[in-house]
Amino acid sequence: MLHLEHLAKVYGDRVVLRDVNVSFAAGSVSLLAGNNGAGKSTLLRIVAGLARPTSGTVRFTGTAPVTAYLGHATFLYPGLSALENLAFWNGVHGLQRSRQELLALLEHVGLAAHAHERAGIFSRGMAQRLNLARVLMLRADLLLLDEPGTGLDAASLALLRQEIGNARQRGAAVIIVSHDLQGDAPLADRVLRLHKGRLAEEGPTSGTTAAADVPAPMEAGC
């Protein structure tokens with residue numbers, strides 16, 4: 001589905017990515033690992049079209065897939081309610097989700113009781129759950145998740161991992177940036193590790209305890 005060819009990214013005199021060549025198949029989950037500053041988020045932003053590579057190409061097989069990106073920014077409007085936020089993105093993407101479908105999505109992520117509250121007063125965990133609802137609404141072919149477990153409690157994290165499995169089953173390609181390799185590696189078909197701008201492929205469970213120098217996603221309640 002997705003092919004990165006000789007991809008490079010340079011900021012000033014700092015080389016973040018160098019000669020990255022990798023493909024991502026439909027119906028697969030890839031875990032992108034590496035130390036802080038290794039270029040993981042940069043790589044995902046380039047794939048999402050939010051940043052341009054210095055050189056190299058991002059190529060899709062066939063038509064460009066429907067892509068959903070969940071990053072550090074939540075893409076939520078603080079003055080709108082949870083329901084209004086979903087309705088806004090529903091319109092932006094030209095979807096036809098009904099009000100009841102949007103409410104069902106909020107219930108699915110545990111926010112039904114907060115549907116009419118402003119997103120600006122949400123905790124980080126609640127905002128992340130609303131962001132997850134936004135992503136699930138798209139039923140994307142390509143799912144880009146940058147530390148998606150940040151701020152989620154145990155139940156929400158379990159839901160997230162279930163939805164990653166559901167996405168793979170329906171044929172989506174999923175790329176996850178994670179600092180919780182112990183918890184997330186079992187979800188993945190493979191682990192890709194960035195080191196000094198270069199990408200190396202590892203087995204799906206190798207290196208799961210090698211990220212002790214970076215924090216695991218914190219847990220938080222509502």
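Every read-out reported here was derived from the displayed coordinates using simple, explicitly stated rules and does not represent laboratory data. No experiment lies behind these values; they were computed from the predicted model shown. Neighbour counts run over all protein chains shown; Cβ positions are idealised from the backbone, glycine included.
Here Ile121 and Leu95 are evaluated by their C-beta separation; at R0 = 22 Å the FRET efficiency comes out at 0.25.
Computed from backbone phi, the HN-Hα couplings of region 175-191 come to 10, 10, 8, 9, 9, 9, 5, 4, x, 9, 4, x, 6, 9, 7, 7, 10 Hz, rounded to whole numbers (Karplus: 6.51 cos²θ - 1.76 cosθ + 1.60, θ = phi - 60°; Gly and Pro given as x).
Placing a pseudo-label 7 Å from each Cα along the Cα-to-Cβ vector at Ala26 and Phe88 gives an inter-label distance of 3.3 nm.
Look at the alpha carbon pairs under 8 Å that are at least 6 residues apart: their mean separation over the length of the chain gives a relative contact order of 29 percent. Each residue of region 125-131 was assigned a 3J(HN,Hα) from its phi angle through the Karplus expression (A = 6.51, B = -1.76, C = 1.60, θ = phi - 60°), giving x, 5, 4, 5, 5, 5, 4 Hz with x at Gly and Pro.
Between His108 and Asn35, the simple spin-label model (points 7 angstrom out along Cα→Cβ) gives 3.9 nm.
For region 81-138, the dipole from Cβ point charges (+1 on Lys and Arg, -1 on Asp and Glu) about the Cα centre works out to 120 debye, to the nearest 20.
For Val92, the shell of other residues with beta-carbons less than 14 Å away shows a net charge of +1, using +1 for Lys and Arg and -1 for Asp and Glu. Remark: Thr61, Thr54 ranked as Thr61, Thr54, counting other beta-carbon atoms within 10 Å and listing the fewest first. Its Cα centre serving as origin, the chain has a Cβ charge dipole (Lys and Arg +1, Asp and Glu -1) of approximately 500 debye. Look at the dipole of the chain built from charges on Cβ: of Asn166, Ala188, Leu17, the Cα furthest out on the positive end belongs to Leu17. Between the Cα long axis of helix 99-108 and the first principal axis of the chain there is an angle of about 60°, rounded to the nearest 10.
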